[in-house]
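Asks: Before I ask anything, here is the structure I am working with.
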Amino acid sequence: MQVLVFKNEAEVGKAAGMIVASEIIKKPDCILGLATGSTPIPTYQEMIRMNREGILDFSKVRSFNLDEYIGLAPDHVCSYRRFMNEQLFDHINIDKANTHVPCGIGADHEADAKAYDAAVEAAGGIDLQILGIGHDGHIGFNEPDDTFSRETHIVELTDVTRQANARFFDSPDEVPDKAVTMGIGTIMQAKRILMIATGADKADTVRAMLRGPVTPRLPASVLAFHRDVVVMLDAAAAGKLEA
Ligand code: PGA
């Protein structure tokens, strides 16, 4: 695992954007695994900038997002489909038909989850997976548990996660209590993983991920078992690594 520390989140975004760019230049029809949340926004801004400047072409790129809230339609103001459109897809030359976000409103969530994994597999698997990390160590919406999940599945969100995400909703009560997420197994099958964490509020979790044992109680710790992971941190998120 390669751990790189940058001065601030803007520098992390630039470096992370370079990793994405190198993947697309190497393989123009690559499969990107994408994440929502505040953390990847500077990276997405770099991707948008490079596309505007003609450096980066997304016309053949395909993408699969990690997760979606159960009960939110794609056009809901807090849905992750809407987030991805607004933060990235609407600003680059990606074909939206090539972008995938799990469905939160289907009649059969189990069948939809299976179909999502099948679609990832049919596309040839994820070449580069971007990940953030939750305060409780979640990746995607894989919350602390007794075992590592394998496939895309439905989860109950923890109070920590619902509180952290309440800032996007009008009231904390509106945060859904369930989500659909790629499993740890799905994530670990990605050929390459780029984990990004920024801000002092992530410092304890980052330390536990990098210095503690591998345990499903801190799902991100599983990344120690993946052979191609880059972790990009700003100085604040790296602040407790030497403690
Ligand atoms: P954040 O979320 O980027 O908004 O902190 C990260 C996550 O929950 O994975």
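Asks: Please turn the phi angles of region 23-28 into ³J(HN,Hα) values with the Karplus equation 6.51 cos²θ - 1.76 cosθ + 1.60 (θ = phi - 60°), one per residue in order, whole Hz, x for glycine and proline.
Replies: Result, ordered by residue: 5, 5, 5, 5, 9, x Hz.
Asks: From Cα pairs below 8 angstrom and at least 6 apart in sequence, can you work out the relative contact order of the chain, rounded to a whole percent? Let's see the in-between values first.
Replies: Numbers: 504 pairs, mean separation 60.6, N = 243.
The normalised contact order for the chain reaches 25 percent.
Asks: Here's a follow-up. Using the alpha-carbon centroid of each, what span in Å lies between region 178-243 and region 1-31?
Replies: 16
Asks: Also, quick follow-up: Phe64's amide H: which non-local residues (gap 5+, or another chain) put their own amide H closer than 5 Å, with H modeled 1.01 Å from N in plane and none for Pro or chain starts?
Replies: For Phe64, whose amide H was placed from the backbone, the distant partners under 5 Å are Leu32, Gly33, Leu34, His100.
Asks: Next question. If one computes the Cα centroid of region 51-67 and of region 122-173, what distance in Å separates the two points?
Replies: 23
Asks: A further question follows. Add -39500 (n - 2.57) for each DSSP H run of 4 or more in the chain, then divide by its residues: what number comes out at 222 nm, to the nearest 500 deg cm²/dmol? The partial results should precede the final answer.
Replies: Numbers: 7 runs with 73 residues, N = 243.
That comes out to -9000 deg cm²/dmol.
Asks: Given Lys60/Lys191; Lys7/Lys240; Lys96/Lys191; Lys60/Lys178; Lys26/Lys191; Lys114/Lys202, which pairs have Cα atoms separated by over 21 Å? Don't skip to the answer; put the middle values down first.
Replies: Working: Lys60/Lys191 19 Å; Lys7/Lys240 15 Å; Lys96/Lys191 23 Å; Lys60/Lys178 33 Å; Lys26/Lys191 14 Å; Lys114/Lys202 32 Å.
Distance filter (> 21 Å) returns Lys96/Lys191; Lys60/Lys178; Lys114/Lys202.
Asks: Using the Karplus equation 6.51 cos²θ - 1.76 cosθ + 1.60 (θ = phi - 60°), what ³J(HN,Hα) coupling, rounded to whole Hz, does each residue of region 43-58 give in order, writing x for Gly and Pro?
Replies: Values per residue, Gly and Pro as x: 5, 5, 5, 5, 4, 5, 4, 5, 5, 4, 7, x, 7, 10, 10, 9 Hz.
Asks: Still on this structure, I have one more. May I ask you to derive the FRET efficiency for Asp177 and Asp146 from their Cβ-Cβ distance with R0 = 30 Å, giving the value to the nearest 0.05?
Replies: Values: r = 20 Å, r/R0 = 0.66.
About 0.90, to the nearest 0.05.
Asks: Work out, in µm²/s and without decimals, the Stokes-Einstein translational diffusion coefficient of the chain at 4 °C, 1.567 mPa s, Rh from Kirkwood over C-alpha pairs.
Replies: On the way: Rh = 17.9 Å.
The Stokes-Einstein estimate is 72 µm²/s.
Asks: Now a separate question. Measure off, as a whole percent, the carbon and sulfur share of the 1.4 Å-probe accessible area of the chain, all protein chains present. Present the calculation step by step, with values, prior to reporting the outcome.
Replies: Details: 5520 of 10860 Å².
Answer for the chain: carbon and sulfur cover 51 percent of the accessible area.
Asks: Apply the Karplus curve 6.51 cos²θ - 1.76 cosθ + 1.60, θ = phi - 60°, to the phi angles in region 66-79 and return the couplings in whole Hz, x for Gly and Pro.
Replies: Working through the residues one at a time gives 6, 7, 7, 6, 6, x, 9, 5, x, 8, 4, 4, 9, 6 Hz.
Asks: What span do the alpha-carbon atoms of region 114-197 cover on each of the three principal axes, reported in whole Å from largest to smallest?
Replies: Sorted largest first, the three principal extents are 40, 27, 27 Å.
The values are calculated or read from the model by the stated rules, or taken from the named source; none is laboratory data. Because the structure is predicted, anything quoted here is derived from the model rather than measured. So basically every Cβ, Gly included, is an ideal-geometry build from the backbone, and we count neighbours across all protein chains shown. For accessibility, only protein heavy atoms count, side chains too; no ligands or nucleic acids. Shrake-Rupley method; radii C 1.70, N 1.55, O 1.52, S 1.80 Å.
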